[in-house]
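To start, the structure itself, in structure tokens.
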Amino acid sequence: MTEKELIEQAFRARDFSYAPYSGFRVGAALETSNGIVYGGCNIENAGYTPTNCAERTAFFKAVSEGCHDFCRIAIVGGKEEGDVVADYAAPCGVCRQVMMEFCNPKEFQIIMAKSIEEYQVFTLEELLPIGFGPGNLQ
């Protein structure tokens, strides 16, 4: 799957976002090492604390179905409608920590997109340079 195809899937996942309070709709497409893609969207809650990010939704869907081997994720988000947003939506700290639990920080790629044509690619290590993960507990 190309980066652009993965970004398209993130935009499709964003269509299911439930963001009645912030209006900031986020979609994520998480690709496994064997090419399966799990979509996720943000799901807000009036109590705010139970809100779940798109990235974690995708990870939790995949893990709940037995998958633990991931290669990259595409993330799109903003208040705009359609397949173009004004800025890049970076994963929050909690999402980065979830990624650290399941992904090799030197290899796992995070694609942040404004559109299918305009995007940036980072490794998890670049976004979480001194991460704490399972290896720290051995």
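The values are calculated or read from the model by the stated rules, or taken from the named source; none is laboratory data. Remember, it's a predicted structure, so these values are computed and weren't measured experimentally. Methodologically, a virtual Cβ is constructed for each residue, glycine included, from the backbone with ideal geometry; neighbour enumeration extends over all protein chains shown.
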Inset, instruction - Give the residue, chosen from Gly35, Gly23, that is of a type outside the set (A, V, I, L, M), under 15 Å from Ala62 (Cα atoms) and part of a loop (DSSP other than H, G, I, E, B). - result: Gly35
Legend entry - Which numbered condition Lys114 misses (of (1) closer than 17 Å to Val37 by Cα; (2) surrounded by 14 or more Cβ atoms within 10 Å (Cβ to Cβ); (3) among the charged types (D, E, K, R)): (1)
Inset, instruction - Please indicate, with yes or no, whether at least one residue in the stretch 40-58 is under 20 Å from Val98 (Cα atoms), surrounded by 21 or more Cβ atoms within 10 Å (Cβ to Cβ) and among the aromatic types (Phe, Trp, Tyr). - result: no
Inset, instruction - Give the number of residues within the stretch 20-42 that are within 17 Å of Asp83 (Cβ to Cβ) and either among the small types (Gly, Ala, Ser) or at pLDDT below 95 (or both). - result: 4
Inset, instruction - Please go through the stretch 90-138 and pick out each residue that is assigned to a strand (DSSP E or B) and within 21 Å of Asn42 (Cβ to Cβ). - result: Gln109, Ile110, Ile111, Met112, Ala113, Tyr119, Gln120, Phe122
Inset, instruction - Could you grab me the full set of residues in the stretch 62-89 that are surrounded by fewer than 15 Cβ atoms within 10 Å (Cβ to Cβ) and not in a loop (DSSP other than H, G, I, E, B)? - result: Ser64
Inset, instruction - Scan the stretch 54-71 and report the pairs whose first residue is free of Cβ contacts under 8 Å to residues at least 40 places away in the same chain and whose second residue is assigned to a helix (DSSP H, G or I) and among the aromatic types (Phe, Trp, Tyr), with Cβ atoms within less than 6 Å and a gap of 6+ or a chain change. - result: His68/Phe102
Inset, instruction - May I ask you to list pairs of residues, at least six apart or on different chains, whose Cβ atoms are under 6 Å apart, with the first in the stretch 98-123 being under 29 Å from Lys79 (Cα atoms) and at pLDDT 95 or above and the second being of a type in the set (Ser, Thr, Tyr) and not in a loop (DSSP other than H, G, I, E, B)? - result: Ile111/Tyr119; Ala113/Tyr119
Inset, instruction - Kindly indicate whether any position in the stretch 43-59 is farther than 23 Å from Leu127 by Cα, aliphatic (A, V, I, L, M), in a loop (DSSP other than H, G, I, E, B) and out of contact with any Cys (no Cβ under 7 Å at 6 or more places or on another chain). - result: yes
